[in-house]
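Below: the structure, in structure tokens.
Taken together, the values in this text are just the output of simple stated rules run on the coordinates, not laboratory data. A quick note: this is a predicted structure, and the numbers were derived from the prediction, not measured. As a convention, Cβ positions derive from the backbone with ideal geometry for all residues, glycine included, and neighbour counts pool all protein chains shown.
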Ligand SMILES: Nc1nc2c(ncn2[C@@H]2O[C@H](COP(=O)(O)OP(=O)(O)O)[C@@H](O)[C@H]2O)c(=O)[nH]1
Ligand SMILES: [Mg+2]
């Protein structure tokens with residue numbers, strides 16, 4: 001089963017290289033605002049687990065399509081000889097440089113690649129494109145067209161009417177942001193175009209879906225471990241008995257806060273690596289909302305629980321564990337104002353991270369004191385961590401390798417992945433178990449497995465593929 005090869009062709013500056021980057025998941029594809037960024041045809045194999053699923057060929061844009069077509073027509077004998085005539089065109093012009101781009105882009109097609117013809121739905125269709133499409137038809141290779149709306153999709157319909165005369169499959173696809181499902185669909189369409197491609201394309205689609213599943217599982221595990229590490233973290237400083245502990249207290253809390261920020265940061269890098277984004281991509285990608293400090297009030301308002309959920313969760317932490325208040329009762333009208341008020345009053349403190357944890361002064365048997373900050377008992381804390389991690393994940397999983405600029409987050413996504421009422425309670429229980437378990441214990445491991453599963457479910461329900469991210 002030979003993996004198929006697809007050449008991405010079209011006019012200069014229409015998003016060909018961007019589509020290659022997206023479909024090959026390769027950030028090394030050169031993309032640029034000036035025409036002529038792509039000079040040579042270059043192959044980008046899409047590998048999963050070391051196996052090549054398909055290869056994409058990035059090509060320079062057509063430059064002298066009409067003159068090339070004139071040449072072909074002058075030498076035309078019959079339809080059956082046209083593919084061979086295109087091969088001859090390349091042989092005859094390879095050395096002279098007049099049709100440098102045409103030779104470069106047609107070579108992989110003559111060698112057997114399928115074609116993806118990319119046009120821009122924001123600029124009008126014009127007859128100069130007819131020559132390009134006609135040349136592609138002469139190659140006889142299976143082909144489909146992608147209308148990439150760079151901006152306002154005003155001309156999609158005229159484009160579609162023109163393209164449908166040359167291509168059996170025409171898709172509208174924003175190549176910078178194409179969701180995973182749409183990418184699979186484009187591949188599947190190729191499987192239909194040539195019998196011998198069907199099974200390799202099916203295999204590629206299956207492998208991509210399995211790979212995606214693994215990515216979600218791996219990311220969920222990283223996120224669960226991050227939350228466990230952060231909520232159970234404690235910072236300790238041992239002081240001899242003649243040292244005044246007071247000046248050390250503030251420093252201890254500061255290093256505690258620094259450490260939990262770092263735990264989050266490290267986990268983010270791991271999630272980015274799981275989706276194939278390296279350090280460089282991240283530097284360029286200032287994810288605005290995600291850049292808010294983990295422990296800032298702004299962050300806790302955006303990512304924390306809303307008031308009602310906070311009431312439920314506050315009750316879960318103490319009262320439900322003791323079986324005193326059933327959380328279902330919290331919504332009931334017979335609860336008096338004072339009970340509600342009491343719970344809310346206690347909970348309100350958790351809208352900020354000021355009460356992240358407690359400082360303890362422990363007297364040592366050998367003399368001296370041990371200062372300990374944390375672990376955090378703040379009920380909001382794991383939810384803030386979780387919601388930030390879910391949004392970060394949605395941004396990363398929904399990002400294509402064609403996006404090189406700032407990662408922007410839509411305004412509606414402040415509550416991205418906000419757990420629903422039912423799972424809030426469930427999550428609060430898991431967090432509670434995490435806190436009570438000893439590091440390395442069986443119950444810690446069990447709570448982690450639960451939490452990983454819960455996060456996976458949140459990711460899948462949230463549909464990170466239709467992420468709220470705007471390019
Ligand atoms: N806004 C927007 N810009 C795009 C889109 N596709 C490509 N571009 C930009 O258009 C320019 C040309 O893209 P590139 O992929 O290099 O085009 P190529 O010359 O056809 O390979 C780059 O600056 C891209 O960032 C799109 O769908 N939306
Ligand atoms: Mg290019």
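Quick one: grab the alpha carbon gyration tensor of the stretch 189-265, order the square roots of its eigenvalues as a ≥ b ≥ c, and give me rounded if a/c is under 1.5, else prolate or oblate depending on whether a/b is larger than b/c.
Taking the square roots of the gyration eigenvalues as a ≥ b ≥ c, the stretch 189-265 is prolate.
With a Förster radius of 35 Å, plug the Cβ-Cβ distance of residue 67 and residue 164 into 1/(1 + (r/R0)^6) and report the FRET value to the nearest 0.05.
0.85
Please compute the modelled spin-label separation between residue 360 and residue 298, points set 7 Å along Cα→Cβ, answer in nm with one decimal.
Using points 7 Å along Cα→Cβ, the separation is 3.5 nm.
What does the extension gain come out to for residue 436 and residue 195, with contour length at 0.36 nm per residue minus their alpha carbon separation?
My answer for the length gained is 80.9 nm.
Using 0.36 nm times the number of residues separating residue 185 and residue 248, minus their current alpha carbon distance, what extension gain do you get?
Extending this stretch completely gives an extra 16.7 nm.
How high is the FRET efficiency between residue 202 and residue 237 when r is their beta carbon distance and R₀ equals 56 Å, given to the nearest 0.05?
With R0 = 56 Å, the Cβ-Cβ based efficiency is 0.40.
Dividing the convex hull volume of the alpha carbon atoms of the stretch 105-160 by its residue count, what do you get in Å³ per residue?
75
Peptides 121-127, 379-385: what's the order by average Cβ count within 10 Å, highest mean first?
The most tightly packed comes first, giving 379-385, 121-127.
If packing is taken as the average count of other Cβ atoms within 10 Å, what order do 24-34, 108-118 fall into, highest mean first?
Highest-to-lowest ranking by the protection proxy: 108-118, 24-34.
Arrange the peptides 13-19, 167-173 so that the one whose residues have, on average, the most other Cβ atoms within 10 Å appears first.
13-19, 167-173
Determine the shape class of the stretch 32-146: with a ≥ b ≥ c the square roots of the Cα gyration tensor eigenvalues, call it rounded for a/c under 1.5, and otherwise prolate if a/b is greater than b/c, oblate otherwise.
It is prolate, given that a/c is not under 1.5 and a/b is the larger ratio.
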